[in-house]
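Asker: Before I ask anything, here is the structure I am working with.
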Amino acid sequence: MWCAVISLFPEMFNAITQHGITARAIQRGLVKFHSINPRDFAVGNYRRVDERPFGGGPGMVMMAEPLSKAIQYAKQLAQQEIGQDVPVIYMSPQGKTLNEQAVCELKQSLPHTGGLIILCGRYEGVDERLIQRYVDAEYSIGDYVLTGGELPAMVLLDSLIRRLPDSMSDAQSAEQDSFVDGMLDCPQYTKPDEFEGLAVPDVLKSGHHANIEKWRFLQRYQRTQARRPELLQHVVLSKQQQKWLKELDNVSSG
Ligand code: ADE
């Protein structure tokens, strides 16, 4: 996966380029990462990248010109390195909400697009004409406003990178997460057997794999029902899972 972020604060991306699974994916060459600062493309003594909004109002707006040059430079880099024209994604509260499905769709588009350019806004946003001309998709990470698009861009990159084949040490763990089959995750436990008077459920120490699978499914189902019941509308249960639920009904009604 090839990726370039356009940001006034490129150092913020050290959080994912220098730590954890995402850093390892870069070191191992699964991800090629570039950060590009639009200030490097700004002109004048002050290298301005923002101006007051036409029509008045508070705050500043990012100017189209330095951003368009930064995007063109990123596109040129993509051509040189992977020979493709990669799409531009803009992180903003006005975008489509990022969820598991959106991440999966983006990930599935990667073999065709080769990668992506992520534009991070600051201040009150970006001149609309830049968005009109250059942006292919706009994503929000939720209905709240942050001071910039860098954290949302890292959220998107982290969720994409952990889905790349070979990026996780346990190949199954990305597949077994919350949301992958539409339900929340089950509770997890590790050593010691007892913590502040709380024990680990016996079934998890039984070594009985079928019982563990059943227990985990029921935990996930009940958690989802209690916390996010709307998710269950789209869940497709296997025959075995339906049987486990029926047994549960019989126990509680009997
Ligand atoms: N920039 C500021 N707030 C944002 C949000 N919620 N999602 C994406 N980008 C943003």
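The values are calculated or read from the model by the stated rules, or taken from the named source; none is laboratory data. What you see is a predicted model; the values in this text were computed from it and never measured. For neighbour counting, all protein chains shown are included, and Cβ atoms are generated from backbone atoms with ideal geometry for every residue, glycine included. Note: areas computed on protein heavy atoms with side chains; ligands, DNA, RNA excluded. Shrake-Rupley method; radii C 1.70, N 1.55, O 1.52, S 1.80 Å.
Asker: Against the definition (under 17 Å from Ala153 (Cα atoms) and open to solvent by 80 Å² or more (accessible area, probe 1.4 Å)), how does His19 come out, yes or no?
Answerer: Numbers: under 17 Å from Ala153 (Cα atoms): yes; open to solvent by 80 Å² or more (accessible area, probe 1.4 Å): yes.
Spelling it out, His19 is indeed under 17 Å from Ala153 (Cα atoms) and open to solvent by 80 Å² or more (accessible area, probe 1.4 Å).
Asker: Let me ask you something else. For the range 5-53, which residues satisfy the criterion of being within 16 Å of Ala74 (Cβ to Cβ), assigned to a loop (DSSP other than H, G, I, E, B) and not hydroxyl-bearing (Ser, Thr, Tyr)?
Answerer: Of everything in the range 5-53, those that are within 16 Å of Ala74 (Cβ to Cβ), assigned to a loop (DSSP other than H, G, I, E, B) and not hydroxyl-bearing (Ser, Thr, Tyr) turn out to be Leu8, Val31, Asn37, Ala42, Val49.
Asker: Which residues, taken from the range 22-61, are of a type in the set (Gly, Ala, Ser), open to solvent by 80 Å² or more (accessible area, probe 1.4 Å) and in contact with a Phe, Trp or Tyr (Cβ under 7 Å, 6 or more places away or on another chain)?
Answerer: Narrowing the range 22-61 to residues of a type in the set (Gly, Ala, Ser): 23, 25, 29, 35, 42, 44, 55-57, 59.
Next, from what is left, pick out any that are open to solvent by 80 Å² or more (accessible area, probe 1.4 Å): 55.
Those that are of a type in the set (Gly, Ala, Ser), open to solvent by 80 Å² or more (accessible area, probe 1.4 Å) and in contact with a Phe, Trp or Tyr (Cβ under 7 Å, 6 or more places away or on another chain): none in the range 22-61.
Asker: Here is a list of conditions, (1) away from the ligand (no atom under 16 Å from the Cβ); (2) in contact (Cβ under 8 Å) with a residue 12 or more places away in the chain, and Cys120 meets all of them except one; can you say which number that is?
Answerer: (1)
Asker: Can you give me the ranges of the helices (runs of 4 or more DSSP H) entirely in the range 141-254 with at least 1 residues that are modelled with pLDDT under 95? Lay out the reasoning, then the answer.
Answerer: On the way: elements: 150-161, 209-227, 239-253.
Of the helices (runs of 4 or more DSSP H) lying wholly inside the range 141-254, those with at least 1 residues that are modelled with pLDDT under 95 span 239-253.
Asker: Which condition breaks for Glu196 when tested against (1) closer than 17 Å to Ile6 by Cα; (2) over 19 Å from the mean Cα position of the chain (by Cα)?
Answerer: (1) is the only condition that Glu196 fails.
Asker: Okay, next question. What are the residues in the range 62-83 that are outside any helix (DSSP H, G or I) and either in contact with a helix residue (DSSP H, G or I) (Cβ under 6 Å, 6 or more places away or on another chain) or buried (at least 20 other Cβ atoms within 10 Å of the Cβ) (or both), if any? Even if it seems obvious, please write down each step before you answer.
Answerer: Let us first name the residues in the range 62-83 that are outside any helix (DSSP H, G or I), namely 62-63, 83.
Selection gives Met62 alone.
Asker: Select from the range 138-158 the residues that are buried (at least 20 other Cβ atoms within 10 Å of the Cβ) and more than 6 Å from the ligand (Cβ to nearest atom) and list them in ascending order.
Answerer: Matches in the range 138-158: Tyr139, Glu150, Ala153, Met154, Leu156, Leu157.
Asker: Please determine, by comparing only the residues of the range 86-112 that are open to solvent by less than 30 Å² (accessible area, probe 1.4 Å) and more than 10 Å from the ligand (Cβ to nearest atom), which one is modelled with the lowest pLDDT.
Answerer: Filtering first and then ranking leaves Leu110.
Asker: Please name all residue pairs, on different chains or six or more residues apart, with Cβ atoms under 7 Å, provided the first residue is in the range 126-152 and is small (Gly, Ala, Ser) and the second residue is away from the ligand (no atom under 13 Å from the Cβ) and open to solvent by less than 60 Å² (accessible area, probe 1.4 Å).
Answerer: Ala137/Pro87
Asker: Among the residues that make up the range 125-137, is at least one of them exposed (fewer than 15 other Cβ atoms within 10 Å of the Cβ), within 16 Å of the ligand (Cβ to nearest atom) and not β-branched (Val, Ile, Thr)? If you could, list the steps in order and put the result at the bottom.
Answerer: Step one: filter the range 125-137 for residues exposed (fewer than 15 other Cβ atoms within 10 Å of the Cβ), giving 128-129, 132-133, 136.
Within this subset, residues satisfying the condition of being within 16 Å of the ligand (Cβ to nearest atom) are 128, 136.
Those still in the list that are not β-branched (Val, Ile, Thr) too: 128, 136.
Within the range 125-137 (the criterion being exposed (fewer than 15 other Cβ atoms within 10 Å of the Cβ), within 16 Å of the ligand (Cβ to nearest atom) and not β-branched (Val, Ile, Thr)), the answer is yes, since at least one residue qualifies.
Asker: Moving to a separate point now. Residues of the range 176-206 being open to solvent by 50 Å² or more (accessible area, probe 1.4 Å), farther than 29 Å from Pro165 by Cβ and not hydroxyl-bearing (Ser, Thr, Tyr), which ones? Break it down stepwise before answering.
Answerer: Residues of the range 176-206 that are open to solvent by 50 Å² or more (accessible area, probe 1.4 Å), as a first pass: 176, 179-181, 188-199, 202, 205-206.
Applying the additional criterion that residues be farther than 29 Å from Pro165 by Cβ yields 191-199, 202, 205-206.
Correct list: Lys191, Pro192, Asp193, Glu194, Phe195, Glu196, Gly197, Leu198, Ala199, Asp202, Lys205.
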